[in-house]
């Protein structure tokens with residue numbers, strides 16, 4: 001097995017699996033004993049069982065693998081998990097880690113997940129392994145989480161204020177990750193990935209209004225109100241706070257800048273929010 005995908009049942013991981021299948025690559029995934037991987041449509045020999053908390057299980061899962069896509073969820077133990085992955089990768093003689101991080105990851109960020117990205121990025125850089133860091137801005141697909149209030153009220157809510165964000169399409173990020181997993185020439189690279197434009201949430205609302213023909217408004221709320229809404233939505237107290245703090249950080253951490261990484265790596269223009277808005281309208285009532 002040449003490639004192993006961690007986090008394969010998540011949004012990004014499942015899309016990576018689909019692209020690797022289309023390219024007929026020699027790959028597999030790591031799952032926990034309780035993971036539901038049936039939707040991925042893989043053969044039994046493509047599934048390895050491992051536990052981020054158990055280095056020995058990771059070493060066994062990584063055996064014979066050349067490249068690993070490292071993707072861990074936002075979790076209190078995320079840093080420890082990446083440390084375990086690096087230790088196991090070295091023990092299993094893995095050659096190359098392709099890690100999904102975050103745009104503008106900084107150790108002084110006022111957001112726990114962003115700080116963890118910066119710390120674990122540095123860990124991987126210093127590991128002695130070949131690496132590629134994938135650092136995307138927030139995904140367009142975040143708007144799917146807003147569909148309930150868009151359809152019910154014509155509104156979506158967050159704490160971004162009038163900050164412009166250079167959001168990116170998840171499929172462009174996945175395509176770059178797959179290139180790093182399947183081609184040479186990406187070792188030592190850090191890919192900071194954005195879409196082609198930076199828009200405020202009010203501008204996003206105007207573009208969605210134009211695409212859908214339905215009046216859609218952005219309503220700015222406080223971080224505290226956003227956290228409470230996430231808690232009421234069942235996200236869990238710890239995760240709700242982490243998301244609220246991360247979204248607030250987006251307003252001060254310079255998430256406005258636009259890069260040309262998609263065009264440089266893929267040889268084509270990145271997908272625009274205007275194009276994405278046409279897709280989203282199919283789900284707007």
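No value in this document is a laboratory result; all are computed from the given coordinates. As the structure is a prediction and not an experimental result, all values here were calculated from the model. Note that we place each Cβ from the backbone using ideal geometry, even for glycine, and neighbour counts take in every protein chain shown.
Peptide packing: for 232-240, 129-137, the average count of neighbouring Cβ atoms within 10 Å per residue gives the ranking 129-137, 232-240, highest mean first. Here the simple spin-label model places points 7 Å from the Cα toward Cβ, and for residue 77 and residue 254 these points are separated by 3.6 nm. Given the alternatives [x] 32, 20, 19; [y] 29, 22, 19; [z] 28, 24, 16, semi-axes √(5λ) of the Cα gyration tensor in Å as computed for this entry is given by [x].
Tilt of helix 78-91 relative to the longest C-alpha principal axis of the chain, in degrees (0 to 90, nearest 10)? Helix 78-91 and the main axis of the chain meet at about 30 degrees. Relative to the longest principal axis of the Cα atoms of the chain, the long axis of helix 237-250 makes an angle of roughly 70 degrees.
Could you tell me the relative contact order of the chain? Use alpha-carbon pairs under 8 Å, at least six residues apart, and round to a whole percent. Over the chain, the number comes to 18 percent. Between the alpha-carbon centres of the stretch 189-243 and the stretch 11-43 there is a gap of 28 Å.
I'd like the antiparallel share, as a percent to the nearest 5, of DSSP beta bridges with both residues in the stretch 110-257. Spell out each step's value before the answer.
On the way: 1 of 11 bridges.
Around 10 percent antiparallel, to the nearest 5.
Beta-bridge orientation, the chain: approximately 5 percent antiparallel, per DSSP, counting only bridges with both partners inside. Axis of helix 11-22 versus longest Cα principal axis of the chain: the two differ by about 60°, to the nearest ten degrees.
The Cα atoms of the stretch 10-145 give a gyration tensor whose axes a ≥ b ≥ c have a/c of 1.5 or more with a/b no greater than b/c, which makes the shape oblate. The relative contact order of the stretch 1-150, computed from alpha carbon pairs under 8 Å that lie at least 6 residues apart in sequence, is 19 percent. Computed over the stretch 75-197, the P(r) tail beyond 22 angstrom holds 45 percent of alpha carbon pairs.
Seen through its C-alpha gyration tensor, with square-root eigenvalues sorted a ≥ b ≥ c, the stretch 194-285 comes out oblate because a/c lies at 1.5 or above while a/b is not bigger than b/c. Straightening the chain between residue 283 and residue 210 buys 24.8 nm, computed as 0.36 nm per residue apart minus the Cα-Cα spacing. When a/c is below 1.5 the answer is rounded, else prolate if a/b is larger than b/c, else oblate, so apply that to the stretch 1-66 with a ≥ b ≥ c taken from the square roots of the Cα gyration tensor eigenvalues. Oblate, because a/c is 1.5 or more while a/b does not exceed b/c.
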